[in-house]
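The values are calculated or read from the model by the stated rules, or taken from the named source; none is laboratory data. These numbers were taken from a predicted model, which means no experiment stands behind them. Every residue, glycine as well, gets a Cβ built from its backbone with ideal geometry; the counts of neighbours run over all protein chains shown.
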Amino acid sequence: MADVEKLRKVKQCIDSLAEGLHPFTGQPLPAEDIVNDVRVSRSLFLASAFLQEQMQGTTAKKTGKKQAFRLSLEEREQVEFSSQPIPASELARRMNEAVGTQDCKKISYRQITDWLVEVGMLKLVENVAGTQRRRPTNSGEKLGISVNTVRTHKARAYQYLRGRLNELRILLLLLQPW
């Protein structure tokens, strides 16, 4: 709520300047002042309209498309971390749960594991079937990333990555631009 109030105050200042008025006193600014230039004034009105859209949340509605996944610093603090290993899919679920808005895409476990490959915590290895699998590097293993094998009720085995999130949290907070 404080962010909306800040945006409202910024918008009021921009509106005043666009109209050629001092934002705090309401007095007309000198005719030769830069804000009275038509191009500057139009730019200020445009910026004001954009802020209005942001405050009303209409930008995503106009396009009908969701924005890319983003996780603010405050939202990152809300992601529940534990000392017990959890699958990458659970980390994705927790990150999606922490996002406060519904106008952005959800992050998938695949995006997280692709990022872990980029930062050198996972590597791609080819299995006997010729497909690539993600496996922890030495650095990843030191952080507690491991591969677990699970057998289903039909005796079919599958493997998934697990990691200790307390250590991964540091990486998420410092490195990833989500």
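Observations, loosely collected:
- The sole residue among GLN111, GLN54 that is at pLDDT below 80 and at negative phi is GLN54.
- Subset of the range 137-153 that is assigned to a loop (DSSP other than H, G, I, E, B) and surrounded by 14 or more Cβ atoms within 10 Å (Cβ to Cβ) - its residue that is modelled with the highest pLDDT: THR137
- Flag if LEU143 is out of contact with any strand residue (DSSP E or B) (no Cβ under 6 Å at 6 or more places or on another chain) and more than 17 Å from ARG76 (Cα to Cα): yes
- Inspection of the range 77-87 identifies no residue that is in a loop (DSSP other than H, G, I, E, B), more than 21 Å from the chain's Cα centre (by Cα), surrounded by 15 or more Cβ atoms within 10 Å (Cβ to Cβ) and modelled with pLDDT of 85 or more.
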